[in-house]
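The values are calculated or read from the model by the stated rules, or taken from the named source; none is laboratory data. Everything numeric in this text was worked out from a predicted model, so none of it was measured. Virtual Cβ from ideal backbone geometry, glycine too; neighbours counted across all protein chains shown. Side chains included, ligands, DNA and RNA excluded: accessible areas come from the protein's heavy atoms. Shrake-Rupley method; radii C 1.70, N 1.55, O 1.52, S 1.80 Å.
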Amino acid sequence: MTRATSELIIEPAIVRKNISYLKAKLDDSSKFMAIIKSDSYGHILSNIVRDIDDIVDGYGVVRLEEAISIRKISSKKILLMQGVYSQPDFKEARDNSLDLVIHNSLQFSLVKDNDSYENLWFKINTGMNRLGFEEDEFLDIYTTYLSDKKFTLMSHLSASNVPSDISNKTQFEHFDSLCQKLNPDILKSIANTGCVINFPDKSMDWVRVGIGIFGGYIGSNELQTAMTLRSPIINIRKINKGQRVGYDGRAEATQDMKIATVYCGYADGLPNHIKDGTKVFINNVGAEIFGKVSMDVTTVDVSHIPDCEIGDWCEFFSPNHSINNLASSNNLISYDLMIRICLLYTSDAADDMQCV
């Protein structure tokens, strides 16, 4: 070890593998939109686009700036999933051949004012209750302006990762009922990652898959985490029964122990509130965090790893050790970990990040 440094390793080959697995569940007529908002869920947007452009049909993002950056390197469909809110942004979206989600009357006024009805996705609220037209409001717009137009009707499922949740049945029924009232030629889209896995018969014309392609979906062992966070051990200390470790002495030894100090802390994106007992891997052996995460280091119980030494890697998550293990055991979600860690590395420590 010439210099102690954490590493964030992103593996596009695994993203491709995950996409292929998910696409195999779809009807041949269903198109695959990769949702790569927030810098591709922390996986570096421009790199991911170049690595998957040949196996997806389009991309979904939220920020106009991200959409324009994709347009510079891809000719595929690009959807602004929350649309735009001003005339200048509407024009810029049109100049860059972007698709727009329309989810309220303010946004639809931009469509009317510009008499521009191409490449529109109308979002309907079927139960998520965040964004989207209510059915009656949309039907008024449809009858007056859209009955002879081509567009995509979309909605968003709130609990597709829990197949037994009654909201799935309710939302599907609401969406299907509305579709029966519209021109049969309109395109339809309701499926996210959970829907593709649990309700593949609802893939319709477009699926919009985000967290699944990066391996952060809980409920499928086939999807691999595409990001590795690892850091070296910089110290090993023996402590006696009754001694405490870390701030506030939260962790107290119930027997003589061996503690490894790992060169990664909350300044590197690890949440400060990670619990004692959270599993990490050293030399491919499971070990447990012991003591509060500090700004620059984390302490780990390695009493049962006899050959552990300074310089060995501590792996927090990887393709072999799902990010969901760390997330779910600490009341977190994989999205949060992916984004907070990669944002820090790309902005403050780019030299420490590898994309392979």
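Output the residues belonging to segment 69-101 that are hydrophobic (A, V, I, L, M, F, W, C), touching a residue at least 24 places away in the same chain (Cβ under 8 Å) and touching a strand residue (DSSP E or B) at 6+ places or on another chain (Cβ under 9 Å).
Of the residues in segment 69-101, the ones hydrophobic (A, V, I, L, M, F, W, C) are 70, 73, 78-81, 84, 90, 93, 98, 100-101.
Retained after the next criterion (residues that are touching a residue at least 24 places away in the same chain (Cβ under 8 Å)): 70, 73, 79, 81, 84, 90, 93, 98, 101.
If the condition is that a residue be hydrophobic (A, V, I, L, M, F, W, C), touching a residue at least 24 places away in the same chain (Cβ under 8 Å) and touching a strand residue (DSSP E or B) at 6+ places or on another chain (Cβ under 9 Å), then Ile70, Leu79, Met81, Val84, Phe90, Ala93, Leu98, Val101 are the ones that fit.
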**Q.** segment 1-31, residues that are within 30 Å of Asp296 (Cα to Cα) and of a type in the set (Lys, Arg)
**A.** Arg3
Q) Do we have any residue at all in segment 288-306 that's of a type in the set (Phe, Trp, Tyr), in contact (Cβ under 8 Å) with a residue 24 or more places away in the chain and not in a loop (DSSP other than H, G, I, E, B)? A) no
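Looking at segment 21-60 only, could you name the residues that are of a type in the set (Gly, Ala, Ser), open to solvent by 10 Å² or more (accessible area, probe 1.4 Å) and under 15 Å from Ala191 (Cα atoms)? Working first, answer last.
If we filter segment 21-60 for residues that are of a type in the set (Gly, Ala, Ser), which is where we start, we get 24, 29-30, 34, 38, 40, 42, 46, 58, 60.
Imposing the further condition that a residue be open to solvent by 10 Å² or more (accessible area, probe 1.4 Å) reduces the set to 24, 29-30, 38, 46.
Within segment 21-60, Ala24, Ser29, Ser30 qualify.
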Q | Criterion violated by Ile233 - all others in (1) touching a residue at least 40 places away in the same chain (Cβ under 8 Å); (2) among the hydrophobic types (A, V, I, L, M, F, W, C); (3) surrounded by fewer than 21 Cβ atoms within 10 Å (Cβ to Cβ) satisfied | A | (3)
**Q.** Residue ID - nearest to Ser6 (Cα to Cα), chosen from residues in segment 289-304 that are among the small types (Gly, Ala, Ser) and touching a Lys or Arg at 6+ places or on another chain (Cβ under 8 Å)
**A.** Gly291
Q: Output the residue which, of all residues in segment 257-272 that are in contact with a strand residue (DSSP E or B) (Cβ under 8 Å, 6 or more places away or on another chain) and either open to solvent by 40 Å² or more (accessible area, probe 1.4 Å) or in a strand (DSSP E or B) (or both), is farthest from Gly286 (Cα to Cα).
A: Tyr263
